[in-house]
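For reference, the structure is listed below as structure tokens.
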Amino acid sequence: MGDSITAGFGMLGKQGSLLKDLREYRGQSWSIGGDVQAYTLPSLIRHYNPNVVGASVGVHGVEVCWGYLCPSVHKPAQDRLNSAQTGAMMYDLIDLTGGQVDYIIDTLHTMEQVDMRKDWKVLTMLVGANEMCLRCGHTQIQPTSPDDYETHFRHLLTKLRKEIPRLFVNVVQLFNVSEVYAVSLRSKHCEDVHSSFFVECSCAFLNSSTSAERRREMDEAAVAYNQRLETVVKDFAANRSDEFAAVLQPAFRDATAEKLPLDFVSTLDCFHPSLVAHQAMAKLMWNNMLASSDKKKTDFDFKDAVVCPTADAVFATD
């Protein structure tokens, strides 16, 4: 579940034409991609359990869902259980018309390979980048308050726990999206892209006398949203269940520009993660899923080796 990051938007960069550029490479999405030879979280799980199903495949045009404006529909043949849509916010995961959560529930019920009652499922959610990009109030869309973000998230976990038995939820904490601005300063191409296409995240890229202040507001929003994610996860952990676990995953939370190579951003817009970034994200998420809460990494150290679990290893819920 999530936004354009999990949808795989633009990860292969410039492809020579606008039609080829504005694509979602769902089969190689870090948390749910299922293309042959893709390096993703499902491919790592499949190495130990070849019966894994539901990963998205292939490439298709952009599915747009931006706040209350959601003109696109999912493409189940390729999306499968990847409900992410470009532009999505926490509200869109569980809005009044169903949102991403209903798409996942409905799709699970149609999959003959899935025993809804007996099979364990892994769901990874990363959402909040678009909220941060609206935080400075530069557009007419009302920024999402931390209270509203928490309310929507709490409703989401409540519905997931009620509707999907045997579910392990990765609740991925946010990184400071403003750090992408500092990374992009290393490239003249990226500077040119942002000067002409700042609207993708105007709080980060619109050049004005208040630029630094806007990026500071984005960082404050990331901290506030992450605190609310942690609060809700703790509340659900206090009512433990053998059928449901929501686990806070901070693998990307403390990422800084100094640690990120320039090739981690797509050459398409110098904003979205590139293919190599998606692969690093998959590895770090896998490692953190196998680590207890006191041993989880937070600094996006992409040079870490992939963890090879022992025979008795489990995904940590503590």
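The values are calculated or read from the model by the stated rules, or taken from the named source; none is laboratory data. Quick caveat: nothing in here was measured; it's all calculated off a predicted structure. Every residue, glycine among them, receives a Cβ derived from its backbone with ideal geometry; neighbour counts consider all protein chains shown. Ligands, DNA and RNA are stripped out before the accessible areas are found, and what is left, the full protein with its side chains, is counted by its heavy atoms. Shrake-Rupley method; radii C 1.70, N 1.55, O 1.52, S 1.80 Å.
The table below lists the values:
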read-out: Cβ-based net charge around Arg215, under 11 Å, with every Lys or Arg adding one and every Asp or Glu removing one; value: -2
read-out: For Val64, residues with placed amide H under 5 Å, excluding near neighbours; value: Ser72
read-out: Total formal charge among the other residues, if their Cβ is under 15 angstrom from that of Cys270, Lys/Arg +1 and Asp/Glu -1; value: -4
read-out: Rounded Å value of the spacing that divides the Cα centres of the stretch 159-191 and the stretch 209-274; value: 5 Å
read-out: Rounded if a/c under 1.5, otherwise prolate or oblate - the stretch 206-318, Cα gyration tensor axes; value: oblate
read-out: For the stretch 209-214, 3J(HN,Hα) per residue [Karplus equation, 6.51 cos²θ - 1.76 cosθ + 1.60, θ = phi - 60°, Hz, x = Gly/Pro]; value: 5, 9, 4, 5, 5, 5
read-out: Interchain or long-range residues, amide H under 5 Å from Arg23's placed H; value: Gly10
read-out: Where Val314, Val307 fall by accessible area, highest first, once all protein chains stay in place (1.4 Å); value: Val314, Val307
read-out: Low-density loop positions, chymotrypsin sites (Phe, Trp or Tyr not before Pro), the stretch 30-74 - DSSP coil, at most 13 other Cβ in 10 Å; value: Tyr68
read-out: Label assignment, mean projected area of the Cα convex hull in nm² derived from the structure, set (1) 17.5; (2) 23.0; (3) 15.6; value: (3)
read-out: Met89 accessible area, assembled protein chains, probe 1.4 Å, Å²; value: 10 Å²
read-out: The stretch 225-232 - phi-based ³J(HN,Hα) in whole Hz, Karplus 6.51/-1.76/1.60, Gly and Pro as x; value: 4, 4, 5, 5, 4, 5, 4, 5
read-out: Rough spin-label spacing in nm, given labels placed 7 Å along Cα→Cβ, for Arg46 and Glu191; value: 4.3 nm
read-out: Inter-site label distance for Asp301 and Lys162 at 7 Å from Cα along Cβ, in nm; value: 4.2 nm
read-out: Overall form of the stretch 90-167 per C-alpha gyration tensor (a/c, 1.5; a/b vs b/c); value: prolate
read-out: Max mean-square fluctuation residue, GNM over the chain, Cα-Cα springs under 10 Å, options Asp119, Asp299, Asp148; value: Asp119
read-out: FRET efficiency for Ser209 and Ala311, using Cβ-Cβ distance with R0 set to 51 Å, rounded to 0.05; value: 0.30
read-out: Overall form of the stretch 1-149 per C-alpha gyration tensor (a/c, 1.5; a/b vs b/c); value: oblate
read-out: Extension gain (nm, one decimal) between Ala237 and Asp21, 0.36 nm per residue minus Cα-Cα; value: 73.6 nm
read-out: Gained length - Gln113 relative to Glu220, 0.36 nm times residue gap less alpha-carbon distance; value: 34.2 nm
read-out: Other-chain or far-sequence residues with amide H under 5 Å of Ala246's (modelled H); value: Val169
